[in-house]
Amino acid sequence: MIHTATKDLIFPSLPYEYSALEPHIDAMTMEIHHTKHHKAYFDNLKNAIQGTEMESMPFVELLNHISRYPMVVRNNGGGHYNHSLFWELLSPQGGGEPSGELREAIIKKFNSVDEFKNNFSDAAKNRFGSGWAWLVVKTDGNLVVSSTPNQDNPLMDVAECRGIPILGLDVWEHAYYLKYQNRRPEYIANFWNIVNWKVVEANYINALSALR
Ligand code: MN3
């Protein structure tokens with residue numbers, strides 16, 4: 001997705017049914033989130049770049065230099081990127097723990113997988129208002145947990161913590177309100193049951209090679 005010219009981005013379908021992540025995320029939330037929220041970000045991005053130099057820019061270049069472009073592109077471009085990443089990170093067969101090189105790197109940085117999960121969960125709980133929590137590969141190759149407001153992400157030059165996100169959690173209320181109402185911590189706790197670690201591990205390997 002990220003090397004595609006921005007005008008050629010496609011709206012992705014989910015790799016599972018809307019009901020597949022129940023009971024952790026309910027079918028109606030998934031359907032509205034995908035077909036209304038994500039679709040609106042996608043359509044608004046396409047409209048905003050029409051007839052500008054942004055059309056032919058690789059999507060990652062646009063995100064990397066987002067401070068030069070209108071806020072509507074930052075919000076909706078981030079919205080499209082973040083959700084496209086998020087859907088792929090979830091699976092009805094998810095949960096458990098990471099393995100391989102990612103596991104080693106997590107333990108090296110956070111001492112244990114549980115400490116990493118606590119760290120990431122805290123970032124998600126403490127993000128005031130709408131935003132995302134991230135596990136990021138920084139430009140020096142090290143892992144870090146961060147969070148961003150709104151639809152910003154670590155690829156953007158406006159982010160406090162920059163790098164390549166390999167795991168993200170949407171903590172906008174639209175991601176959990178129908179089932180969890182104000183109980184964001186419960187949504188975050190259940191998220192760990194549906195994380196597709198195989199995808200996160202592949203994202204990690206790809207991030208390291210992109211930085212080399
Ligand atoms: Mn969302």
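The values are calculated or read from the model by the stated rules, or taken from the named source; none is laboratory data. These numbers were taken from a predicted model, which means no experiment stands behind them. As a convention, Cβ positions derive from the backbone with ideal geometry for all residues, glycine included, and neighbour counts pool all protein chains shown. Keep in mind that these areas ignore ligands, DNA and RNA; they rest on the heavy atoms of the full protein, side chains included. Shrake-Rupley method; radii C 1.70, N 1.55, O 1.52, S 1.80 Å.
One residue alone among L21, L63, L14 is part of a helix (DSSP H, G or I) and either open to solvent by less than 50 Å² (accessible area, probe 1.4 Å) or in contact (Cβ under 8 Å) with a residue 12 or more places away in the chain (or both), and that residue is L63. Restricting attention to segment 153-176, the residues that are assigned to a loop (DSSP other than H, G, I, E, B), within 13 Å of the ligand (Cβ to nearest atom) and surrounded by 21 or more Cβ atoms within 10 Å (Cβ to Cβ) total 3. Evaluated against (1) more than 20 Å from P149 (Cα to Cα); (2) of a type outside the set (G, A, S); (3) away from the ligand (no atom under 16 Å from the Cβ), H65 falls short on exactly one condition, (1).
Residues in segment 177-209 that are outside any loop (DSSP other than H, G, I, E, B), aliphatic (A, V, I, L, M) and within 16 Å of the ligand (Cβ to nearest atom): how many? So the answer is 2. When you scan segment 182-202, do you find a residue that is open to solvent by 10 Å² or more (accessible area, probe 1.4 Å) and farther than 23 Å from M30 by Cβ, even just one? Yes, because at least one residue in segment 182-202 is open to solvent by 10 Å² or more (accessible area, probe 1.4 Å) and farther than 23 Å from M30 by Cβ. Taken together, S130, S99 contain a single residue that is surrounded by fewer than 16 Cβ atoms within 10 Å (Cβ to Cβ) and within 16 Å of the ligand (Cβ to nearest atom), which is S130.
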